[in-house]
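The values are calculated or read from the model by the stated rules, or taken from the named source; none is laboratory data. This one's a predicted model, so the numbers in the text were calculated from it and none came from an experiment. So basically every Cβ, Gly included, is an ideal-geometry build from the backbone, and we count neighbours across all protein chains shown. We work out accessible area using only protein heavy atoms, side chains counted, and drop any ligands, DNA or RNA first. Shrake-Rupley method; radii C 1.70, N 1.55, O 1.52, S 1.80 Å.
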Amino acid sequence: MTDPEPVPAVTESAEAIAAMEIRGAATIAAEAAEALAAQAEAVDADSPAAFRASMRAAARTLHRTRPTAVSLPNALRYVLQRMEGHDVEALRRNVVRAAETFVDQLDGARADLGRVGANRLADGDTVMTHCHSTDALACIEAAVDQGKSISAIVKETRPRNQGHITAERLRDIDVPVTLVVDSAARRALDEVDHVLVGADSIAADGGVINKIGTSGLAVNARERGVPIMTAAQTIKLHPETLTGHTVEIEMRDESEVIDDDVRESIGDVAVENPAFDVTPPRYMDAIVTEHGQFPPESIVTLMRELFGEGAAVPWAEP
Ligand code: RUB
């Protein structure tokens, strides 16, 4: 059976997420929840069953966009598990309410984990960042709010240079920024007190899946004796890893790495563009969440508390 066509707002959100106009795990999650609310508000369904089927189809459209950040399926899960009611109007209301609550909780969780992460930073610290993470940024923002003077060394983060976004956001809060190319990171670590990264997914063994280059940075930080933390609210915990599944690493288009003309001038080369990598727990000092900080190896206890033994898939056809 073919899926019912989602409302235009869902298709537009899915396209924007796939094209990375909307990017970053938490932002993607908020967009997905809001897209489900838009679906609920606009869909013309003549029965509760038709309404539910249209919501599941919309969720599948959103789910297909980016495979690595678990915040996306966790957002779909949160909203669809609250799709309750005996008539279409009640279902509609409950979906919209669930999406709003989810987005509010994201904001609250970010602020809470920001304060926890900020407690790890001292006045006068220099922090190195990788990619652009709103959760990581929240820690620096909270430290600044606590009156600490923080400066940053920002890795540009090839191929899409999300470090530029971080640099801009840090300048907005008057944090002095030094931008470096990724390959300068090890040398720059000599000037760094803390490395601070985000996460797209966290596995049950404490492995941190984040933007490509995070694992190399973590190994270098460990070798240099610089502490490294991941700022990740609990929607980044990947429940399927509780039952032995691995996290799929998204492979993106080769044109993000090299343009066609340059490639042609080099000659016949293969190009690979993995978007994320896995940092083993032994190279990460702490995972900072809205429930406090955890040694990576102990994150599984929090995961079990929040998700039970595994992951529901409420967007699947019954
Ligand atoms: C973004 C990235 C970020 C995490 C966390 O990758 O790896 O570090 O998503 O971000 P991309 P946040 O640009 O490919 O989406 O803390 O904002 O959820």
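Some observations on this one:
- The GNM of the chain, with springs linking C-alpha atoms under 10 angstrom apart, assigns the highest mean-square fluctuation among T129, T234, T246 to T246.
- Computed E for T2/N94 - FRET, C-beta separation, R0 35 angstrom, nearest 0.05: 0.85
- Positive-end extreme of charge dipole, the chain - chosen from L217, N273, V88 (charges on Cβ): L217
- Per-selection Kirkwood Rh - the chain (Cα, Å, 1 d.p.): 20.4 Å
- Gained length - D174 relative to D104, 0.36 nm times residue gap less alpha-carbon distance: 22.5 nm
- Extension gain for the segment R64 to E84, taken as residue separation times 0.36 nm less the Cα-Cα distance, is 4.8 nm to one decimal.
- Nearest-ten-degree value, helix 71-80 long axis tilted from longest Cα axis of the chain: 30 degrees
- Label-point separation, I266 to A16 (7 Å along Cα→Cβ), nm: 3.3 nm
- Over the stretch 119-306, accessible surface divided per residue gives 44 Å², non-protein components excluded, 1.4 Å probe.
- The share of C-alpha pairs in the stretch 8-111 whose separation exceeds 25 Å stands at 14 percent.
- With every protein chain in place, the chain: carbon and sulfur % of accessible area (1.4 Å): 48 percent
- Degrees, to the nearest 10: 8-18 long Cα axis against longest axis of the chain: 30 degrees
- With protein chains left intact and a 1.4 Å probe, residues in the stretch 5-113 average 40 Å² of accessible area per residue.
- Estimated FRET transfer efficiency when R0 is 30 angstrom, pair A111-R282 (beta carbons, to 0.05): 0.50
- When the alpha carbon coordinates of the stretch 174-318 are projected onto the principal axes, the ranges are 53, 45, 30 Å, largest first.
- Helix 163-172 axis, angle to the chain major axis (alpha carbon atoms, nearest 10°): 80 degrees
- Taking 7 Å steps out from each Cα toward its Cβ at V257 and E41 produces label points 4.2 nm apart.
- C-alpha center-to-center spacing [the stretch 237-310, the stretch 139-194] in angstrom: 21 Å
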